[in-house]
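Asks: Quick one: the structure is below, and I'll ask about it shortly.
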Amino acid sequence: MAEEIPVIAIDGPGGSGKGVITYKLAAHLGFHILDSGALYRIIGLAARNHSVELDGEPALAELARTLDVRFEPTQDPEAPLRIMLEGADVTKALRTDDAARDASRVAPLAKVRESIGALQHSFRQFPGLVADGRDMGTVVFTDAVVKIYLTASAEARAERRYNQLKDKDIGVNLHDLFESIQARDERDMKRAVAPLKPAQDAYVIDSTALDIDQVFALVLSAVQEKLAAVKDKLG
Ligand code: DC
């Protein structure tokens with residue numbers, strides 16, 4: 001039964017390091033990955049491909065319900081899944097600022113969120129799932145065995161993003177990044193449907209002053225403790 005398959009929910013604001021932690025944890029445990037943010041990005045892209053308006057809720061929900069999408073594992077920690085939409089590799093296209101902007105327009109729509117419920121649950125496969133998003137522990141997998149809420153100050157997240165983009169020689173301005181991160185937080189936390197917030201039983205980790213290895217060590221010890229407790233209970 002699907003309920004017996006452990007889910008580890010990793011929620012938090014954009015730029016908090018959820019993607020890397022999800023990948024490392026899934027690789028360590030041999031679990032599957034659900035990148036739920038990618039689903040909203042895919043819906044935005046599919047809407048563009050099919051000339052569906054980004055605020056046309058019923059049409060978007062129908063499109064989301066019938067998505068022809070495949071996730072193929074890769075060995076690349078920066079892009080652990082290759083994403084195929086209607087037969088085309090859209091992995092790179094989904095990481096652009098345009099895709100992020102389109103995703104943030106479709107994500108608040110209740111019918112769109114509902115229509116990918118079954119797709120999200122279909123990722124729950126043996127031996128387990130690490131699910132990355134905003135509402136994994138609060139809405140989609142309320143029975144997750146471990147719920148992590150990973151956060152960091154907006155300043156720290158802007159600085160990390162700045163360094164990533166600078167390394168790639170992409171011209172960026174730290175203040176602009178900070179403002180766009182703040183605006184995204186505001187949109188994610190204040191929306192009416194599935195707002196970003198820690199689940200009541202979440203383990204909250206503030207990574208502002210931690211590096212990725214320190215965060216991973218904290219996450220792993222919380223996960224191992226819970227998984228061991230569940231195993232004991234099942235005998
Ligand atoms: O994590 P991300 O940047 O790929 O997310 C893209 C958008 O989707 C962002 O606006 C937040 C939204 N999102 C959401 O509403 N619920 C999720 N579970 C994951 C992402």
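The values are calculated or read from the model by the stated rules, or taken from the named source; none is laboratory data. Since the model is a prediction, treat every value here as computed from it, not as a measurement. Cβ sites come from the backbone with ideal geometry, for glycine too, and all protein chains shown count toward neighbours. Side chains are part of the model used for accessible areas, which takes the heavy atoms of the whole protein and leaves out ligands, DNA and RNA. Shrake-Rupley method; radii C 1.70, N 1.55, O 1.52, S 1.80 Å.
Asks: Counting only protein heavy atoms and a 1.4 Å probe, tell me what percentage of the range 156-198's accessible area is made up of carbon and sulfur.
Replies: Of all accessible area on the range 156-198, carbon and sulfur atoms account for 49 percent.
Asks: Once you have the Cα-Cα distance between GLU3 and ASP98, take 0.36 nm times their residue separation minus that, and quote the gain in nm to one decimal.
Replies: Length gained, GLU3 through ASP98: 30.6 nm.
Asks: Can you list residues from other chains, or at least 5 along the same chain, whose modelled amide H is less than 5 Å from the amide H of ALA152?
Replies: Result for ALA152 returns SER207.
Asks: How many times 2.2 N^0.38 Å is the alpha carbon radius of gyration of the range 1-69?
Replies: 1.39
Asks: Also, I was wondering about something else. What does the charge add up to near GLY117, with Lys and Arg as +1, Asp and Glu as -1, over the other residues with Cβ less than 15 Å from its Cβ?
Replies: Value of the local net charge: +1.
Asks: For the range 121-195, with equal point scatterers placed on the C-alpha atoms only and solvent neglected, what are the log10 I(q)/I(0) values from the Debye formula at q = 0.17, 0.20 1/Å, to two decimals?
Replies: Debye output, listed in q order: -0.82, -0.93.
Asks: Now for a different question. Name the long-range amide H neighbours of GLY128: under 5 Å, sequence gap of 5 or more, or other chain; modelled H, no Pro or chain starts.
Replies: Counting only residues 5 or more places away or on other chains, the set is HIS32.
Asks: Let me ask another. How big, in percent, is the set of alpha carbon pairs in the chain lying more than 33 Å apart?
Replies: When every Cα pair of the chain is considered, 14 percent fall beyond 33 Å.
Asks: Based on the alpha-carbon gyration tensor of the range 179-235 and its eigenvalue square roots a ≥ b ≥ c, which shape applies: rounded if a/c is under 1.5, prolate if not and a/b is larger than b/c, or oblate?
Replies: Here the range 179-235 falls in the oblate category.
Asks: Now for a separate question. Taking a 22 Å limit on the Cα-Cα distance, which of the listed pairs LYS18/LYS92; LYS111/LYS147; LYS24/LYS92 fall beyond it?
Replies: LYS111/LYS147
Asks: Rounded to the nearest 500 deg cm²/dmol, what is the calculated helix-only ellipticity per residue at 222 nm for the chain, with -39500 (n - 2.57) per DSSP H run of length n ≥ 4?
Replies: Computed ellipticity for the chain at 222 nm equals -15000 deg cm²/dmol.
Asks: Mind running the shape call on the range 32-165? Use the C-alpha gyration tensor, a ≥ b ≥ c as the square roots of the eigenvalues: rounded below 1.5 for a/c, prolate if a/b tops b/c, oblate otherwise.
Replies: Because its axes are fairly even, with a/c under 1.5, the range 32-165 counts as rounded.
Asks: Okay, next question. Counting only C-alpha contacts under 8 Å and six or more residues apart, can you give the relative contact order of the range 87-235 as a whole percent?
Replies: It comes to 28 percent, rounded to a whole number.
Asks: Report, to the nearest whole %, how much of the accessible area of the range 42-148 belongs to carbon and sulfur atoms, 1.4 Å probe, protein only.
Replies: It is 51 percent, rounded to a whole number.
Asks: Which value, in Å², gives the accessible area per residue of the chain when a 1.4 Å probe is used on the protein heavy atoms?
Replies: 53 Å²
Asks: Using protein chains only and a probe of 1.4 angstrom, how many square angstrom of SER115 are accessible, to the nearest 10?
Replies: 10 Å²
Asks: Give the distance, in whole Å, between the Cα centre of the range 53-69 and the Cα centre of the range 174-230.
Replies: Computed from Cα coordinates, the inter-centre distance equals 28 Å.
Asks: For VAL145, what charge total do you get from the other residues with a beta carbon under 13 Å from its beta carbon, if Lys and Arg give +1 and Asp and Glu give -1?
Replies: With Lys, Arg at +1 and Asp, Glu at -1, the net is -1.
Asks: Dipole magnitude of the range 109-235 about its Cα centre, charges +1 at Lys/Arg Cβ and -1 at Asp/Glu Cβ only, in debye to the nearest 20?
Replies: That gives the range 109-235 a dipole magnitude of about 500 debye.
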